[in-house]
Amino acid sequence: MEITKKPVELIELFYDLIFVYAISQLTGLINEPIGGIIPPYNLFAYLITCFVILQAWLYFTNYVNRYGRWRWYEYVFVCINMIAVIYMANTISLDWNAMYFTFDISMLIILLTVEAMYAVHAYKEKSLKGAAGNSITILSIVCVIYVIAILCSFFGLHQYVLVLNVLAVLTGAFLPFFIRGNFNKNIINFPHLVERFELLTIITFGEAIVGLTHFFDVANFNFIPILVFFIVLTMFGAYVIQIHRLMEHMRVERALRLMFSHYFIIISINLVTVAFELIHSGEVNHYFVSALMIFSLIVFYVSIMANREYYRQNIKLNKNDILKMIIVFVVGIAIISIFISNLYAFLIGSLCITFGNFLVLLKKYKGCLSE
């Protein structure tokens, strides 16, 4: 089967920018430490809300990837969708009681617009047995959960709303593994899907750089901002080599691994940014911020390496490569842990991890070019 790369339209880039704005609003949930740490509830709310936002983005992205032809009604639905995303983003707050009602209504509208587009396609096919029917079923179940959450908030049953939001996330994430129907993976344009994830991730890295600019104090030069910049830069380099260079994009693949790994890639990039912001705020528990950075980097590299099954045929990650990655992690973690209160040690240890992994992947890429 000949694979044709589906172009990413400008309206899709505009859509991504709105979602990155929504994700950037999430930092408000965790940028006010108490005693130098992020309270567990705030961190939990951040993670759940981030999953919800990314899932909403993925629902629309999957539709466009499979069936989108940018007809007039698709433009209408995407405009309604984007308006709802902006409303949803502006509801994000630590005051859950003030947040959830509008948040859930916005999410319901976002999902209904995607379901409506799938319904139009299913009507044209005169069938609910294919991928469109699967998506309608999944979206209908998730929408019902959000309707129940809205009703609970309306009738004052606030204690159930958060549980229902978590249930909506889990349902949307795991139902595709159980409701498969007559899913034809040939409808998925893998190159387009990879490019969409790459663009969202690149924009997220851009937001991270913007969030770190306050380290660059023109009146007080030191090496801290340079180290911070190179940590983010080498993370970006490793991502580009792994996802853009080493992977074979021209393939037929359902791409569930690609989708779910990018949830954690986006979240880990944001958590690294949060760790830096905690340092810059001056109110920092060194044990907490060190653990947060180490955890975020582990999640980031495990997530990008999870996509190694999409490597080109002449590329294989061997035991020696994995050993090198483990060694740079151990060395970096040791530097951070031994000099736990030293900012330079924290940054050098983090850079050891990011730069070391970048070099391993760069060598792997150069090796495949020489073959």
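The values are calculated or read from the model by the stated rules, or taken from the named source; none is laboratory data. From a predicted model like this one, the values you see are computed outputs, not experimental measurements. Here the Cβ is made from the backbone with ideal geometry for all residues, glycine too, and neighbour counts use every protein chain on show.
Between Leu258, Leu233, Leu200, Leu212, which is more than 25 Å from Phe329 (Cα to Cα) and either at pLDDT 95 or above or in the same structural domain as Phe295 (by TED's automatic domain parsing) (or both)?
Unique residue meeting the criteria: Leu200.
In segment 234-276, what residues are crowded, with 21+ Cβ neighbours inside 10 Å, without any contact (Cβ under 8 Å) to a residue 60 or more places away in the chain and not hydroxyl-bearing (Ser, Thr, Tyr)?
Leu271, Ala275
Sort out which residues of segment 145-194 are aromatic (Phe, Trp, Tyr), in a helix (DSSP H, G or I) and in contact (Cβ under 8 Å) with a residue 40 or more places away in the chain, and write them in order of number.
If the condition is that a residue be aromatic (Phe, Trp, Tyr), in a helix (DSSP H, G or I) and in contact (Cβ under 8 Å) with a residue 40 or more places away in the chain, then Tyr146, Phe154, Phe177, Phe190 are the ones that fit.
I'm trying to understand the selection: among the residues of segment 31-53, which are under 17 Å from the mean Cα position of the chain (by Cα) and in contact (Cβ under 8 Å) with a residue 24 or more places away in the chain?
Answer for segment 31-53, where residues must be under 17 Å from the mean Cα position of the chain (by Cα) and in contact (Cβ under 8 Å) with a residue 24 or more places away in the chain: Ala45, Leu47, Ile48, Thr49, Cys50, Phe51, Val52, Ile53.
Quick check on my filter: what residues within segment 288-330 are in a loop (DSSP other than H, G, I, E, B) and either basic (Lys, Arg) or without any contact (Cβ under 8 Å) to a residue 40 or more places away in the chain (or both)?
Within segment 288-330, Arg312, Lys316, Asn318 qualify.
Return the residue satisfying two criteria in turn: it lies in segment 71-120 and is closer than 17 Å to Ser153 by Cα and of a type in the set (S, T, N, Q), and of such residues it is surrounded by the most Cβ atoms within 10 Å (Cβ to Cβ).
Filtering first and then ranking leaves Ser106.
Report, by residue number, each residue of segment 6-16 that is in contact (Cβ under 8 Å) with a residue 12 or more places away in the chain and either surrounded by 15 or more Cβ atoms within 10 Å (Cβ to Cβ) or out of contact with any helix residue (DSSP H, G or I) (no Cβ under 9 Å at 6 or more places or on another chain) (or both).
Across segment 6-16, the qualifying residues are Lys6, Val8, Ile11, Glu12, Tyr15, Asp16.
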